[in-house]
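J.: Can you read through this structure? Questions will come right after.
The values are calculated or read from the model by the stated rules, or taken from the named source; none is laboratory data. Keep in mind that this is a model prediction, so the values were computed, not measured. Cβ: placed from backbone, ideal geometry, glycine included. Neighbour counts: every protein chain shown.
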Amino acid sequence: MEIRKRLTFLFVGIVAIILLLSSLSIFYFSSNYRQEDFYNRLRSKGRNTAKLLIEVEEVDAELLLRIELDNPESLSEEKIIIYNFANEILFNTDRDNIIQISSYLLDEIRLQGEVRFETKGYEVLGAMYTDRYDRFVVITAAKDTYGLSKLKNLRNILFIVFISGIGLASLTGWLYAGRALRPISRVVSEVDRITISSLNLRLKTDASEDEIARLATTFNKMLDRLEKAFKMQKDFISNASHELRTPLTAITGQIEVLLLKERSTSEYSETLHSVLDDIKNLNHTSNRLLLLAQASSESAISNLRPVRVDELIWQARTEVLKRSSLYQIKVNVAKEINDENKFLVNGNEQLLKTVLINLMDNGCKYSDNHTVEVSMYSDSGNLKTTFANTGIGIHSDDIHLIWEPFHRGRNALQRRGHGIGLSLVKRITEIHDGHIEVTSELNKGAVFILYLPNLNA
Ligand code: ADP
């Protein structure tokens with residue numbers, strides 16, 4: 001159900017409950033008051049009549065009957081019956097015998113002093129009247145036509161007020177909820193306009209600090225992130241296809257040239273070697289792209305187990321040294337690492353080795369003496385590993401961009417590479433809850449610092 005309808009129903013519900021409770025209590029108290037007032041009138045009427053009959057000698061039952069029947073002050077359809085102690089009727093205006101009084105009731109009145117009840121639409125009050133010598137029971141009955149019609153009128157008024165109150169509450173609730181939700185409807189229609197192809201659009205935000213303005217700002221921030229991620233993905237795909245296409249074009253070109261005419265065996269062999277190099281290169285690039293995709297998937301995080309980083313460093317060193325006979329990798333372990341446990345991290349062996357190989361390979365590749373120095377330290381719960389090399393260094397404009405996939409330093413373009421290594425390193429480090437930093441001075445060298453949290457830190 002729409003929020004507007006829900007809010008309106010809620011509002012109408014609350015108003016209905018309040019109106020109902022107040023109407024019921026008004027009716028209840030008015031009805032009680034009417035009844036009490038009417039019984040008071042019955043009581044005083046009965047008492048006055050009994051007094052006249054019993055205490056005023058000149059007044060006998062017959063005279064009193066005449067007085068009573070002509071009395072304009074009488075209550076509506078008033079009946080008065082007076083009994084003596086022997087239950088004999090001394091006075092009775094109830095000629096049609098409408099009010100039936102049993103001897104049991106008379107005893108009850110004598111016992112309790114006063115009894116009230118209703119019969120045939122009459123409200124009846126039986127009360128004791130005592131003079132110096134005798135005890136009498138006075139029954140006074142009448143219909144409160146006026147009071148009951150007033151009560152009925154009140155009931156109708158309350159009913160009309162209740163119904164019109166609900167109607168008014170529905171209307172105002174509907175209008176008010178619509179007004180309150182207008183900014184949300186605006187946001188919804190603005191959001192509707194934003195599609196994959198128009199991710200650059202933003203919601204209008206005003207200076208107010210209300211929830212809707214905050215929602216719009218938060219949504220805009222999310223769009224910023226989405227747009228960035230989307231652009232990165234697009235760039236990634238175009239860069240990846242470019243990286244894969246370049247060696248494929250080279251291979252095609254070489255084969256086409258080779259096939260133009262008959263060649264000597266040595267020419268075939270030379271071209272095939274070159275093609276093989278290109279294919280190996282292609283293979284290497286696609287493997288790294290695959291690794292990058294794997295490192296970005298959830299399964300990479302779930303496969304972690306205790307790993308000794310020093311052992312991985314030695315294995316990585318062996319692999320990198322195989323790549324060129326010129327490469328040199330020096331490994332130092334700081335004195336403070338006096339316990340094997342300090343080498344332990346919770347990690348994925350294969351992925352961590354990839355990080356170490358990339359950093360060592362870069363160190364050798366971008367250094368002037370093909371040498372990288374790897375040092376391990378223990379640093380407040382982390383295993384800190386530095387990779388330092390002298391050489392071309394990193395330009396300050398590139399230093400924040402080298403972590404992006406396919407970004408290559410402007411001074412590194414002469415050396416082999418595809419700009420995938422460091423983005424892989426960063427992603428894998430993040431999976432391991434670690435982080436990586438770099439400091440560098442152009443034409444002097446670079447130091448990469450890798451922090452990995454110790455297993456038992
Ligand atoms: P690639 O080495 O294939 O270019 P990387 O992602 O490994 O890709 O590195 C990105 C860029 O970072 C490199 O192009 C280079 O400019 C810079 N870089 C990385 N390591 C070093 C280093 N040890 N010394 C100087 N520059 C480096």
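J.: Could you run through the range 61-87 and say how many residues are in a loop (DSSP other than H, G, I, E, B), charged (D, E, K, R), out of contact with any Phe, Trp or Tyr (no Cβ under 8 Å at 6 or more places or on another chain) and surrounded by 13 or more Cβ atoms within 10 Å (Cβ to Cβ)? Before you say what the answer is, go through the steps one by one.
T.: Applying the first criterion (in a loop (DSSP other than H, G, I, E, B)) to the range 61-87 yields 71-78, 84-87.
Pick out the ones that are also charged (D, E, K, R) and you get 73, 77-78.
After this cut, where a residue has to be out of contact with any Phe, Trp or Tyr (no Cβ under 8 Å at 6 or more places or on another chain) as well, the list is 73, 78.
Now narrow it down to the ones that are surrounded by 13 or more Cβ atoms within 10 Å (Cβ to Cβ): 78.
Total meeting the criteria: 1.
J.: Please count how many residues of the range 298-336 are in a helix (DSSP H, G or I) and in contact (Cβ under 8 Å) with a residue 12 or more places away in the chain.
T.: Within the range 298-336, the first condition is being in a helix (DSSP H, G or I), and the residues that meet it are 298-302, 309-323.
Still in the list and also in contact (Cβ under 8 Å) with a residue 12 or more places away in the chain: 300-301, 309-317, 319-320, 323.
Final tally of qualifying residues: 14.
J.: Just give me the residues in the range 133-178 being under 30 Å from residue 88 (Cα atoms) and either in a helix (DSSP H, G or I) or out of contact with any strand residue (DSSP E or B) (no Cβ under 7 Å at 6 or more places or on another chain) (or both), in sequence order.
T.: Initial filter on the range 133-178 (under 30 Å from residue 88 (Cα atoms)): 133-144.
Correct list: 133, 134.
J.: Taking the range 400-410, which residues are more than 7 Å from the ligand (Cβ to nearest atom) and touching a helix residue (DSSP H, G or I) at 6+ places or on another chain (Cβ under 8 Å)? Don't jump to the end; show me each part of the working.
T.: So the first thing to find is which residues in the range 400-410 are more than 7 Å from the ligand (Cβ to nearest atom), and the list is 400-401, 403-406, 410.
Those that are more than 7 Å from the ligand (Cβ to nearest atom) and touching a helix residue (DSSP H, G or I) at 6+ places or on another chain (Cβ under 8 Å): 403, 404, 405, 406.
J.: I've got another one for you. Could you tell me whether the range 14-21 includes any residue that is without any contact (Cβ under 8 Å) to a residue 60 or more places away in the chain, β-branched (Val, Ile, Thr) and assigned to a loop (DSSP other than H, G, I, E, B)? Give the steps one after another, and end with the answer.
T.: Filtering the range 14-21 down to residues without any contact (Cβ under 8 Å) to a residue 60 or more places away in the chain leaves 14, 17-18, 21.
Cutting the leftovers down to β-branched (Val, Ile, Thr) gives us 14, 17-18.
After this cut, where a residue has to be assigned to a loop (DSSP other than H, G, I, E, B) as well, the list is none.
Checked against the condition, which is being without any contact (Cβ under 8 Å) to a residue 60 or more places away in the chain, β-branched (Val, Ile, Thr) and assigned to a loop (DSSP other than H, G, I, E, B), the range 14-21 yields no hits at all.
J.: Just to be sure, is residue 42 assigned to a helix (DSSP H, G or I), surrounded by fewer than 14 Cβ atoms within 10 Å (Cβ to Cβ) and at pLDDT 95 or above? Reasoning before the result, please.
T.: Details: assigned to a helix (DSSP H, G or I): yes; surrounded by fewer than 14 Cβ atoms within 10 Å (Cβ to Cβ): no; at pLDDT 95 or above: yes.
Against the criterion (assigned to a helix (DSSP H, G or I), surrounded by fewer than 14 Cβ atoms within 10 Å (Cβ to Cβ) and at pLDDT 95 or above), residue 42 does not qualify.
J.: Of all residues in the range 364-396, how many are in a loop (DSSP other than H, G, I, E, B), within 11 Å of the ligand (Cβ to nearest atom) and modelled with pLDDT of 95 or more? Full working, then the answer.
T.: Restricting attention to the range 364-396, the residues satisfying the condition of being in a loop (DSSP other than H, G, I, E, B) are 366, 368-370, 380-381, 392-396.
Retained after the next criterion (residues that are within 11 Å of the ligand (Cβ to nearest atom)): 366, 368, 392-395.
Then keep just the ones that are modelled with pLDDT of 95 or more; that gives 366, 392-395.
So the answer is 5.
J.: Of all residues being aliphatic (A, V, I, L, M) and in a helix (DSSP H, G or I) in the range 95-129, which is surrounded by the most Cβ atoms within 10 Å (Cβ to Cβ)? Just the residue, please. Talk me through it step by step, then tell me what you get.
T.: Just the residues of the range 95-129 that are aliphatic (A, V, I, L, M), to begin with: 98-99, 101, 105-106, 109, 111, 115, 124-125, 127-128.
Still in the running and in a helix (DSSP H, G or I): 105-106, 109, 111.
On the way: 105: 16, 106: 17, 109: 19, 111: 9.
Residue satisfying both the conditions and the ranking: 109.
J.: Please pick out the residue among 413, 424 that is under 22 Å from residue 239 (Cα atoms), out of contact with any Phe, Trp or Tyr (no Cβ under 8 Å at 6 or more places or on another chain), part of a helix (DSSP H, G or I) and of a type outside the set (Ser, Thr, Tyr).
T.: One residue alone meets the criteria, 424.
J.: Output the residues belonging to the range 427-440 that are modelled with pLDDT of 95 or more and among the charged types (D, E, K, R).
T.: 437
J.: Any chance the range 388-401 includes a residue that's closer than 30 Å to residue 341 by Cβ and outside the structural domain of residue 239 (by TED's automatic domain parsing)? Let's see the steps before the verdict.
T.: Start the filter on the range 388-401 by keeping residues that are closer than 30 Å to residue 341 by Cβ, which leaves 388-389.
Those still in the list that are outside the structural domain of residue 239 (by TED's automatic domain parsing) too: 388-389.
Yes, because at least one residue in the range 388-401 is closer than 30 Å to residue 341 by Cβ and outside the structural domain of residue 239 (by TED's automatic domain parsing).
J.: Hey, another quick one. Yes or no: residue 452 over 24 Å from residue 284 (Cβ atoms), buried (at least 21 other Cβ atoms within 10 Å of the Cβ), more than 8 Å from the ligand (Cβ to nearest atom) and within 39 Å of the chain's Cα centre (by Cα)?
T.: Judged against the criteria, residue 452 is a match.
J.: Within the range 341-353, take every residue that is closer than 12 Å to residue 313 by Cα and crowded, with 21+ Cβ neighbours inside 10 Å and give me the one that is farthest from the ligand (Cβ to nearest atom).
T.: 343
J.: Looking for something closer than 20 Å to residue 312 by Cα, touching a Ser or Thr at 6+ places or on another chain (Cβ under 7 Å) and near the ligand (Cβ under 9 Å from one of its atoms) - is there at least one such residue anywhere in the range 411-430?
T.: Yes.
J.: Among all residue pairs at least 6 apart or on different chains, which show Cβ distances below 7 Å where the first residue, located in the range 337-351, is assigned by TED's automatic domain parsing to the domain that holds residue 383 and the second is loosely packed, with under 15 Cβ neighbours inside 10 Å and at pLDDT below 90?
T.: 341/456; 348/303
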